[in-house]
Amino acid sequence: MRELIRDALIVPGDGVTEPFAGDVLIEDDRIVRLGAVPLTEAQTADHVVEAEGRALAPGFVDMHNHGALGGTRIGARGLPVACEMALLGGVTKRICGVDGLSPAPVAEAQRSEYALQLKPLDGAIEGEWGWSSVAEFFAWHQGRSVTDMGLYLGHSAVRRVVMSNLARVATDAEVAAMAEVVRREAPWTLGLSTGLVYNPAVYSDQREITGLVRAFNEVKPGALFPHLRSESDMILESLKEVLEAAVEGGGAYGNEHSKIAGRRNYAKIGALEGMLADASASIPTIENMYPYTAGSTTGDAIFPPEIRAGTRAEFVARLRDRGVRGALYQRMRGDTTGWDNFVDFCGGLEGIQIAGVKEGVGDAFLGKRLGDVARARGAADLDSRAAFDAVFDFYADNEAEIGIITHYGNDLTVERFFRRPTMAICTDGLMPGPGQKPHPRAIGAFPKALRLAREMGIPLQEIVFRMATMPCRFLRLPDPVLREGADASLVLFDWNRVRERNDYLNPLVPPEGIDVVWVHGARVLDHGIFHSVPPFAGRPLISQAHRS
């Protein structure tokens, strides 16, 4: 199969070469001609795409994606839902297993409980989990993705294998056992992720994190990709913890979904940037972000870690316990340093939007705020015990299957992060399904990043490098720069009009200006029409090991 892309503005993706006009000839999954295509070869094309001066670039890399599980569900257009959303934004490679919550490894006895924990973030598959190792997960996943997909090795997944969901610091023997799990699973993964606001990684200490980073790097080079313990009042202390773990563990560092939460913390951005600069003098570093002032996560993150310990049933039982509720109310209204208090740094219950519920139970509140839940149950004062009791009831009634959007940020901080030349882009996209109204970043992050770059004067070649090539080089994946012989995973977009069109209440509206996407030479999106049939041909992304 040969395809000619005629009259494109070619953006090679190396971050240096100025975009130039030319044609591209694809044969099967490779670029065979770039720039000037001889007429005799152009005439052999089975299909011609008229680019009409639009930008042609390597496909984008989503460095932080939640589509490995529920994202495999087939959507209305015949594609896995995670792939449909990715392709709409020009993404051809997704990195999952983020926030310490990779779908593997998992002990057989833990499968159902761990699946419940991941459901509000990553969605759920049909049927039961049948894998234990990362290799077994990839075998299950084969044929279920149009885009390529890689996994970070999740700290919480590793910890559950050794310690279940125990709410305590690990012993030296337990850290050693976790390190053995890391060494066993590292060959299949791209680095070590942790989520220090999520169970059970939230119960770990710096010693444990360092030990696991070191174990990964004994197998092959890999960075630590953390969700910080605090992205608000204790953000600098939390950043110090993971930077030291990365340096002492002998690896690299990736600052995940870069943000600062809470009005009183915005001024800390200078100190944060200084710490990242100091680290980059010792180890390779990269950052990523979604360019929005709100985040999204699993709803149980608003509660102190000890409330979330144990099984999901035990967590829900605590929420129904009147005695526990009194102490919980006081803690959530007053403690801003013991854990990342989402309610506080979002300015109260009104700052937290409901993005997911248990289907058939909380559907009426999708897209509304926790404040609306309280008012619906007669609590006008949103700081009152009655208001918090209403929220506790809502969570318990939904068996804690809640997803939230957290409105914590400001535009100036987003723009300052976005201008950083070491900043890649991610969606952090949660998977929409029944009972879910996700954050608009799942579709809008990459088109919005292109719009912002255009409006802020960031050169086209720079933003494409940051969105496509820089992540691949950092993760030790094949270089995607457009050249003859390169992989033909491409995106054709209109640089002059590309933009997001969705918002927090209408998150699934497709963007404008992402016109055609190819994955390994197959044209899978063409002006809003998807072309792919199962089994899907997305490939696993596995980083290079140590050279012998």
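When the criteria are applied in full, Leu239 fails the requirement of being in contact (Cβ under 8 Å) with a residue 24 or more places away in the chain, outside any helix (DSSP H, G or I) and not charged (D, E, K, R). In summary, strands (runs of 3 or more DSSP E) completely within the stretch 54-141 and bearing 1 or more residues that are open to solvent by 10 Å² or more (accessible area, probe 1.4 Å) occur at 91-96. Residues that are of a type in the set (A, V, I, L, M) and either within 18 Å of Ala522 (Cβ to Cβ) or free of Cβ contacts under 8 Å to residues at least 40 places away in the same chain (or both) are absent from the stretch 63-71. Surrounded by 15 or more Cβ atoms within 10 Å (Cβ to Cβ), over 17 Å from the mean Cα position of the chain (by Cα), in contact (Cβ under 8 Å) with a residue 40 or more places away in the chain and outside any helix (DSSP H, G or I): does that describe Leu450? Considered against the rule, which asks whether it is surrounded by 15 or more Cβ atoms within 10 Å (Cβ to Cβ), over 17 Å from the mean Cα position of the chain (by Cα), in contact (Cβ under 8 Å) with a residue 40 or more places away in the chain and outside any helix (DSSP H, G or I), Leu450 comes out as no.
Of the residues in the stretch 532-546, not one is under 22 Å from the mean Cα position of the chain (by Cα), within 25 Å of Glu18 (Cβ to Cβ) and not hydroxyl-bearing (Ser, Thr, Tyr). Tell me yes or no: at least one residue of the stretch 272-286 is over 27 Å from Ile95 (Cα atoms) and crowded, with 20+ Cβ neighbours inside 10 Å. Taking every residue of the stretch 272-286 in turn, none turns out to be over 27 Å from Ile95 (Cα atoms) and crowded, with 20+ Cβ neighbours inside 10 Å. Residues in the stretch 301-315 that are in contact (Cβ under 8 Å) with a residue 60 or more places away in the chain and open to solvent by less than 20 Å² (accessible area, probe 1.4 Å): Ala301, Ile302, Pro305, Arg308, Ala309, Phe315.
Only residues that are of a type in the set (Val, Ile, Thr) and either in a helix (DSSP H, G or I) or modelled with pLDDT under 95 (or both) were counted across the stretch 167-203, and they come to 5. Of all the residues in the stretch 434-455, those that are more than 20 Å from Gly13 (Cβ to Cβ) and of a type in the set (A, V, I, L, M) number 2. Among the candidates Thr44, Thr40, single out the residue that is of a type in the set (S, T, N, Q) and open to solvent by less than 70 Å² (accessible area, probe 1.4 Å). Just a single option satisfies the conditions, and that option is Thr44. Here Gly513, Gly485, Gly538 are screened, and the one residue that is loosely packed, with under 13 Cβ neighbours inside 10 Å and not hydrophobic (A, V, I, L, M, F, W, C) is Gly485. Taken together, Lys220, Lys268 contain a single residue that is modelled with pLDDT of 95 or more and farther than 20 Å from Gly97 by Cα, which is Lys268. Take the stretch 142-166 and flag every residue that is outside any loop (DSSP other than H, G, I, E, B), among the basic types (Lys, Arg) and open to solvent by 10 Å² or more (accessible area, probe 1.4 Å). Within the stretch 142-166, just Arg160 meets the criteria. Screening Met289, Met275 for residues that are out of contact with any Phe, Trp or Tyr (no Cβ under 9 Å at 6 or more places or on another chain) and either at negative phi or modelled with pLDDT under 95 (or both) leaves exactly one candidate, Met275.
Tell me, yes or no, whether the stretch 31-46 has at least one residue that is under 30 Å from Tyr152 (Cβ atoms), touching a strand residue (DSSP E or B) at 6+ places or on another chain (Cβ under 9 Å) and in a strand (DSSP E or B). Scanning the stretch 31-46 turns up at least one residue that is under 30 Å from Tyr152 (Cβ atoms), touching a strand residue (DSSP E or B) at 6+ places or on another chain (Cβ under 9 Å) and in a strand (DSSP E or B).
Filtering the stretch 178-193 to residues that are open to solvent by 40 Å² or more (accessible area, probe 1.4 Å) and closer than 12 Å to Glu208 by Cβ leaves nothing. Scanning the stretch 483-538 for residues that are within 14 Å of Ile26 (Cβ to Cβ) and of a type in the set (Gly, Ala, Ser) returns Gly485, Ala486, Ala488, Ser489, Gly521, Ala522.
So is Arg483 in a helix (DSSP H, G or I) and charged (D, E, K, R) or not? Criteria not met by Arg483.
The set of residues from the stretch 216-245 being buried (at least 24 other Cβ atoms within 10 Å of the Cβ) and closer than 15 Å to Ala179 by Cα comprises Phe216, Gly222, Leu224, Ala245. Look at the stretch 42-53: where a residue is more than 15 Å from Leu490 (Cβ to Cβ) and a partner is open to solvent by 80 Å² or more (accessible area, probe 1.4 Å) and assigned to a loop (DSSP other than H, G, I, E, B), sitting 6+ places away or on another chain with Cβ atoms under 8 Å, you get Asp46/Met1.
Of the set (1) in a helix (DSSP H, G or I); (2) buried (at least 16 other Cβ atoms within 10 Å of the Cβ); (3) among the β-branched types (Val, Ile, Thr), all apply to Val324 but (2).
Taking Glu27 as the residue in question, decide whether it is open to solvent by less than 40 Å² (accessible area, probe 1.4 Å), over 25 Å from the mean Cα position of the chain (by Cα) and modelled with pLDDT of 95 or more. Walk me through how you get there before you give the answer.
Values: open to solvent by less than 40 Å² (accessible area, probe 1.4 Å): no; over 25 Å from the mean Cα position of the chain (by Cα): yes; modelled with pLDDT of 95 or more: yes.
It is false that Glu27 is open to solvent by less than 40 Å² (accessible area, probe 1.4 Å), over 25 Å from the mean Cα position of the chain (by Cα) and modelled with pLDDT of 95 or more.
The values are calculated or read from the model by the stated rules, or taken from the named source; none is laboratory data. Model, not experiment: these values are computed from the prediction. Counting neighbours? That spans all protein chains shown, and the Cβs are built from the backbone with ideal geometry, glycine included. Surface areas here come from the heavy atoms of the whole protein model, side chains and all, with no ligands, DNA or RNA. Shrake-Rupley method; radii C 1.70, N 1.55, O 1.52, S 1.80 Å.
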